[in-house]
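Working notes, beginning with the structure itself.
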Amino acid sequence: MESLLQGHWPWYITGILFGLIVPLLLFVGNKPFGISKSLKDIASLLPQNRFHQIKHDLKPNFWRIYFVVGIIIGGYLAVLFLKGNATIDLSNSTKSDLENIGIVSFDGLAPSQIFNWEFLLSTKGLLIMVLGGFLIGFGVRYANGCTSGHAIMGLSIFSSSSLIAVLGFFAGGLLMTHILFPLLFN
Amino acid sequence: MKNLKYLVIGTWFGILLTKSEAVSWFRIQEMFRFQAFHMYGIIGMAVVVGMISLLVIKKFKIKSLNGEKINPAQKPLQFKSNLIGGFVFGLGWALTGACPGPIYALIGNGLMVFVVVLTAALIGSIVYDLIKKHLPH
């Protein structure tokens, strides 16, 4: 059992388990599944001033702070007990594409040559991590949802706003992956 | 204390994000290059299970534990903001290999540099709140 849990979890199992989080959150507290609004929740906890004023009623949203703290704990436990940072069985075509733009190591969950403190201080590192993070935060709030809130929750209830948002996610992702990222990384 | 259950579900979600490999920058690259079914399988399966769950909840009029009727509202259709905002997020998703859930999970996974990505995302969220009245919606 332990080795089974430590091994690779197939997509059709994890997909089902992800989907079940939707009814689970609705059942235990009538909460819609979604993560992006946690950014607003956290931002509203920060000291407010003339430039940073957020009208946000935190009380009905406070559960989401617990939820995202849980995600951090879960990420920690998955690596500690379940070999969560094992090397990914990536397709060969992706490997050779990434090798062509200079990725040398495929160990772990993300390329160690990019996601480290030293690289953060380079121009490319700043673009990837700081600009990338900014675009995520700005974009999900503007789109009113992210992969969980729009793609999984929204499409589950046949929401047309979610379908448009998901089309936007892919348009941006494809442009970055195929055109901007190769320019940036070469 | 009533929020503790969300800490537990969040923990489960964090384990799932990690073990499904949805947190992986490599998997997101593979997805946007259409070179494996993995991520499409996960998201597609999750949507199908979510849909069926909601049909079951509706059909049997299942109430939440606090006795409320379960009827999640659709988010308002705002064509421009859904599309442009989605596009902006997509750029960031492909750059960092992470959407908001995985940012938190990756910090737990020990990739501490994602604290910077999270901070930048918080700044992005704050800037959005500052300028939203000037943006097309």
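What the table shows:
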{"quantity": "Magnitude of the charge dipole, chain B, Cβ model with Lys/Arg +1 and Asp/Glu -1, debye to 20", "calculated": "640 debye"}
{"quantity": "Residues of segment A:6-156: accessible area per residue with a 1.4 Å probe, Å²", "calculated": "44 Å²"}
{"quantity": "Accessible surface of segment A:116-186 [probe 1.4 Å, protein heavy atoms]: carbon and sulfur percent", "calculated": "78 percent"}
{"quantity": "Extreme residue, positive dipole direction of chain B, given options B:F37, B:G10, B:I52 (C-beta unit charges)", "calculated": "B:I52"}
{"quantity": "Derived scalar couplings ³J(HN,Hα) [segment A:170-178; Karplus, 6.51 cos²θ - 1.76 cosθ + 1.60; whole Hz; x for Gly, Pro]", "calculated": "6, 4, x, x, 5, 4, 5, 5, 8"}
{"quantity": "14 Å beta-carbon shell around B:K61, net charge (K/R +1, D/E -1)", "calculated": "+3"}
{"quantity": "Local electrostatic count, A:Q113, Cβ distance below 13 Å [Lys/Arg +1, Asp/Glu -1]", "calculated": "-2"}
{"quantity": "Per residue accessible area of segment B:55-137, 1.4 Å probe, in Å²", "calculated": "47 Å²"}
{"quantity": "Over segment B:1-124, relative contact order from alpha-carbon pairs under 8 Å, at least 6 apart, %", "calculated": "33 percent"}
{"quantity": "Cβ-defined net charge surrounding B:H137, 14 Å radius [Lys, Arg +1; Asp, Glu -1]", "calculated": "+4"}
{"quantity": "Three-way shape call for chain B based on the alpha-carbon gyration tensor, with the a/c threshold at 1.5", "calculated": "rounded"}
{"quantity": "Dipole in debye (nearest 20) - segment A:1-84, about Cα centre, beta carbon charges: Lys, Arg +1; Asp, Glu -1", "calculated": "380 debye"}
{"quantity": "Label point distance in nm, A:V104-A:L46, each placed 7 Å from Cα along Cα→Cβ", "calculated": "3.6 nm"}
{"quantity": "Three-way shape label, segment A:116-186, alpha-carbon gyration tensor, a/c 1.5", "calculated": "prolate"}
{"quantity": "Chains A and B together, accessible area buried on both sides, 1.4 angstrom probe, square angstrom", "calculated": "10600 Å²"}
{"quantity": "Percent carbon-and-sulfur accessible area, segment A:1-84, ignoring ligands, DNA and RNA, probe 1.4 Å", "calculated": "68 percent"}
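The values are calculated or read from the model by the stated rules, or taken from the named source; none is laboratory data. None of these values were measured; they are calculated from a predicted model. Positions of Cβ are backbone-derived with ideal geometry, glycine not excepted, and every protein chain shown enters the neighbour counts. Accessible surface areas use protein heavy atoms only, side chains included; no ligands, DNA or RNA. Shrake-Rupley method; radii C 1.70, N 1.55, O 1.52, S 1.80 Å.
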